[in-house]
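Colleague: Below you will find the structure I want to go over with you.
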Amino acid sequence: MSTIHYWNYPTEIFCGAGALDLLAQRCTLAGMRRPLLVTDPGMLDLPPLHTVRKHLQAAGIEHALFHGLSSNPSLDEARAGAAVFAEGEHDGLIALGGGSALDAAKGIALLSRDRQGLERFEWAQMLEHYPTLGDYPTLNLPPLVAIPTTAGTGSELGREAVLTDTVQGVKKVIGHRELLARSVILDPTLTTGLPARLTAATGMDALTHHLEALFSPLCHPMSAGVAVEGVRLVKLHLENAVRNGNDLAAREGMLIASSSAAVAFQKGLGGVHALAHPLGARHHLHHGLLNAVLLPYVLVANRSAIEGDAARLARYLELEDASFDGLLAWVLELRARLGIPATLADLGLNGEDAGWVGEQALADISSSQSNALPLVAADYARIYRNAVAGYLK
């Protein structure tokens with residue numbers, strides 16, 4: 001019996017050790033004869049990139065490589081990639097890596113058909129002009145095959161890309177229904193080389209996605225169900241993946257948890273992301289690490305609105321204390337066991353820009369509008385200062 005799982009939710013997914021063997025087949029079926037392979041510079045000397053290129057070469061699939069990305073990919077980097085895409089007359093994209101490669105590839109795909117796409121399909125524009133998927137104009141974007149090598153962002157199953165506007169120093173969420181990958185390959189063997197600290201940070205990113213989606217006040221019962229199971233998968237697998245990077249069952253479990261989070265957060269995100277976006281853009285810090293540090297402080301701020309859901313989740317997780325306090329204690333204990341810092345001060349932040357961060361968090365309507373509680377800029381500034389000081393009350 002094959003160990004490769006096939007799902008179509010919301011696009012085709014191949015999951016399991018050896019799933020990468022299907023890459024050439026999926027490229028061919030998508031009509032890719034000369035794809036652009038998008039990755040980040042950190043992948044250049046690592047086995048996953050060499051393995052992917054060998055698969056493509058063995059199948060006679062001509063391709064080029066674009067790796068001009070930073071850890072928080074920018075609008076300008078996506079534009080540079082789009083220029084390479086056009087110049088090379090490429091007909092598709094393969095994204096290999098973490099969220100930076102996946103998001104950049106989506107930006108490149110959008111720009112390849114619409115030079116103003118990053119402005120036209122920014123989140124506020126989407127809400128105003130394209131309230132449902134059917135409202136989007138048809139762009140015939142080039143096909144994308146997504147191959148994550150980290151288990152955190154879930155971008156491989158999302159229709160959005162998060163790109164930094166370096167002029168304004170903020171992150172922009174851009175989306176279009178055609179940005180959903182044609183195929184997603186979840187092969188845990190490609191993640192075994194991820195260092196323990198990055199495994200921990202990206203795993204906490206996935207946990208944050210599920211918790212914020214579950215606690216969002218928006219109504220989306222299907223995504224809420226995915227979020228509950230996603231938290232259980234993190235509880236079951238994350239520590240094992242950090243402890244033993246070669247544990248393929250744990251690596252696969254975290255890839256599933258991470259990808260399913262993109263389905264869960266159709267219900268919305270919240271204050272953790274609203275704060276992490278401006279902090280990451282201004283201070284160039286890892287998104288998953290910021291989420292991991294901020295998560296307990298936002299949970300406490302939202303307590304009055306999420307106590308019931310938190311208690312139900314705690315029962316599902318079979319925590320000894322099936323309450324909000326029990327869930328919070330589990331998050332704090334997990335974070336400590338993974339070696340995640342307890343405060344933003346540990347990341348070098350002092351809170352002096354709290355006013356600006358609070359305003360930017362409120363302005364990030366892709367996250368702030370679906371926070372469990374309606375908060376104002378002063379609330380976000382206070383949460384930020386609490387996270388710097390380690391004040392969890």
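Colleague: Percent relative contact order of segment 323-393, based on C-alpha pairs within less than 8 angstrom and at least six residues apart? Don't jump to the answer; show the numbers that get you there.
Modeller: Numbers: 58 pairs, mean separation 25.6, N = 71.
So the answer I get is 36 percent.
Colleague: Accessible area per residue, 1.4 Å probe, Å², for segment 1-69: what's the number? The partial results should precede the final answer.
Modeller: Details: 3590 Å² over 69 residues.
Accessible area per residue, segment 1-69: 52 Å².
Colleague: Pull out a ≥ b ≥ c, the square roots of the eigenvalues of the alpha-carbon gyration tensor of segment 196-344, then state rounded if a/c is under 1.5, prolate if not and a/b is larger than b/c, and oblate in the remaining case. It would help to have the intermediate numbers written out before the result.
Modeller: Numbers: a/c = 1.32, a/b = 1.10, b/c = 1.20.
Rounded, since a/c falls under 1.5.
Colleague: Could you rank the peptides 33-39, 45-51 by their average count of other C-beta atoms within 10 Å per residue, with the highest value first?
Modeller: Working: 33-39: 23.3, 45-51: 15.3.
Descending mean neighbour count gives 33-39, 45-51.
Colleague: Kirkwood Rh and Cα-based Rg: tell me the resulting Rg over Rh for segment 171-269, rounded to two decimals.
Modeller: Working: Rg = 13.9 Å, Rh = 14.0 Å.
Value, to two decimals: 0.99.
Colleague: Quick one: which residues, 5+ away or cross-chain, put their amide H under 5 Å from the amide H of Thr164? H built at 1.01 Å from N.
Modeller: For Thr164, the qualifying residues are Ser74, Leu75, Lys172.
Colleague: Using a probe radius of 1.4 Å on heavy atoms only, what accessible surface per residue do you get for segment 146-187? Whole Å² is fine. Write down the numbers at each step before the final one.
Modeller: Numbers: 1060 Å² over 42 residues.
About 25 Å² of surface per residue is accessible.
Colleague: Run the dipole for the chain about the Cα centre, Lys and Arg Cβ at +1, Asp and Glu Cβ at -1, nothing else charged, and hand back the magnitude in debye, nearest 20. Can you show the working numbers first?
Modeller: Numbers: 30 positive and 40 negative charges, 56 e Å.
Dipole of the chain, to the nearest 20 debye: 260 debye.
Colleague: For the chain, what is the calculated [θ] at 222 nm in deg cm²/dmol (nearest 500), taking -39500 (n - 2.57) for each run of four or more DSSP H residues and dividing by its residue count? Numbers along the way, then the final one.
Modeller: Numbers: 16 runs with 201 residues, N = 393.
Taking each H run of at least 4 residues, the total per residue is -16000 deg cm²/dmol.
Colleague: If one computes the Cα centroid of segment 1-31 and of segment 106-151, what distance in Å separates the two points?
Modeller: 23 Å
Colleague: Taking the Cα centre of each part, how many Å lie between segment 189-230 and segment 280-332?
Modeller: Value for the Cα centre distance between the two parts: 12 Å.
Colleague: Which of Gly92, Gly193, Gly270 moves the most in a Gaussian network model of the chain with Cα springs under 10 Å?
Modeller: Highest fluctuation of the listed residues: Gly193.
Colleague: At 7 Å along the Cα-to-beta-carbon direction for both Glu89 and Asn246, put a label point, then send me their distance in nm to one decimal.
Modeller: That separation, rounded to one decimal, is 4.7 nm.
Colleague: For the pair Gln125 and Arg113, how long in nm is the line joining their label points, each one 7 Å along Cα→Cβ?
Modeller: It is 1.5 nm.
Colleague: What is the packing order of peptides 119-132, 378-391, taking the mean over residues of other C-beta atoms within 10 Å and listing the highest first? Please list the in-between numbers first.
Modeller: Values: 119-132: 14.3, 378-391: 19.9.
Those peptides, ordered most packed to least, come out 378-391, 119-132.
Colleague: Give me the percent relative contact order of the chain, please, defined on Cα pairs under 8 angstrom at least 6 residues apart.
Modeller: Working: 814 pairs, mean separation 58.2, N = 393.
The normalised contact order for the chain reaches 15 percent.
Colleague: Counting only heavy atoms of the protein chains, get the accessible area per residue of segment 200-348 (1.4 Å probe) and round it to a whole Å² value. If you can, show how the numbers build up before the last one.
Modeller: Numbers: 5140 Å² over 149 residues.
Accessible surface, normalised per residue, equals 35 Å².
Colleague: May I pose another question? Assign unit charges at the C-beta atoms only (+1 for Lys and Arg, -1 for Asp and Glu), then state the dipole size of segment 243-393 relative to its Cα centre in Debye, rounded to the nearest 20.
Modeller: Numbers: 12 positive and 15 negative charges, 16 e Å.
In total the dipole reaches around 80 debye.
Colleague: Is segment 172-214 rounded, prolate or oblate when judged by the Cα gyration tensor, a ≥ b ≥ c being the square roots of its eigenvalues, rounded requiring a/c under 1.5 and prolate requiring a/b larger than b/c?
Modeller: Details: a/c = 2.31, a/b = 1.27, b/c = 1.83.
Oblate shape, in that a/c is at least 1.5 and b/c is the bigger or equal ratio.
Colleague: At a 10 angstrom cut-off on C-beta neighbours, averaged per residue, how do the peptides 242-252, 225-235 rank from highest to lowest? Write out the running numbers ahead of the final one.
Modeller: On the way: 242-252: 18.1, 225-235: 21.0.
Packing proxy ranking, top to bottom: 225-235, 242-252.
Colleague: Considering only protein heavy atoms and a probe of 1.4 Å, how much of the accessible area of the chain is carbon and sulfur, as a whole percent?
Modeller: Ligands and nucleic acids excluded, carbon and sulfur reach 52 percent.
The values are calculated or read from the model by the stated rules, or taken from the named source; none is laboratory data. Here the structure is a predicted model, which means the values were calculated and not measured. FYI the Cβ positions are ideal-geometry reconstructions off the backbone, even for glycines, and counts take in every protein chain you see. The accessibility values were calculated without ligands, DNA or RNA, using every heavy atom of the protein model including side chains. Shrake-Rupley method; radii C 1.70, N 1.55, O 1.52, S 1.80 Å.
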